[in-house]
Amino acid sequence: MNKIEAYIKPHKVSDITMALQKLEGLPGVSVTDVRGFGRRAERDAPHPNSDDLMDFAPYVRMEIFCTDDTVEEIVSTIQKAAYTGVRGDGKIYVSPVKTAVRIGDSARGDEAV
């Protein structure tokens with residue numbers, strides 16, 4: 001079982017959601033509006049004597065918990081649908097999940113996803 005976290009541009013949410021809904025084994029998606037910043041290339045960095053503060057950029061975090069056999073298809077789908085070719089398209093992280101428990105019927109593991 002895995003957790004997929006994708007940090008994407010807000011205007012790509014619809015494209016990604018439509019692409020994910022076409023997948024057979026997608027259990028569901030949670031979406032949260034977030035703000036953040038990443039590393040800047042040295043050429044883009046503000047001058048050391050500048051008083052400008054770095055602004056946080058708006059992103060959307062998509063979280064998906066899925067079985068091992070669906071991870072690659074989900075990641076690939078997100079990557080293709082989120083791509084714009086412009087710097088800052090986002091990132092995708094995949095983490096192992098030890099277990100899951102469905103509260104309603106106490107199902108555990110892959111069955112709970």
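The values are calculated or read from the model by the stated rules, or taken from the named source; none is laboratory data. Note that this is a predicted model, so its numbers are computed, not measured. Reconstructed Cβ throughout: ideal geometry from the backbone, glycine too, with neighbour counts over all protein chains shown.
Residues being in a strand (DSSP E or B), surrounded by fewer than 12 Cβ atoms within 10 Å (Cβ to Cβ) and at pLDDT 95 or above are represented in region 14-31 by at least one member. The single condition among (1) at pLDDT 95 or above; (2) in contact with a Gly (Cβ under 8 Å, 6 or more places away or on another chain) that residue 78 does not satisfy is (2). Within region 27-39, residues that are over 27 Å from residue 110 (Cα atoms) sit with their Cβ atoms under 9 Å from residues that are among the β-branched types (Val, Ile, Thr) and surrounded by 13 or more Cβ atoms within 10 Å (Cβ to Cβ), at 6+ positions apart or across chains, in these pairs: 33/60; 34/60. I'd like the full set of residues that are among the acidic types (Asp, Glu), in a helix (DSSP H, G or I) and surrounded by 14 or more Cβ atoms within 10 Å (Cβ to Cβ), limited to region 68-112. Answer for region 68-112, where residues must be among the acidic types (Asp, Glu), in a helix (DSSP H, G or I) and surrounded by 14 or more Cβ atoms within 10 Å (Cβ to Cβ): 73, 110.
For first residues located in region 96-110 and at positive phi, partners that are among the hydrophobic types (A, V, I, L, M, F, W, C) and part of a loop (DSSP other than H, G, I, E, B) and lie 6+ apart or on another chain with Cβ distances below 9 Å form the pairs 109/1; 109/100. Residue 59 meets all of the listed conditions (1) at positive phi; (2) surrounded by 12 or more Cβ atoms within 10 Å (Cβ to Cβ) but one, namely (1).
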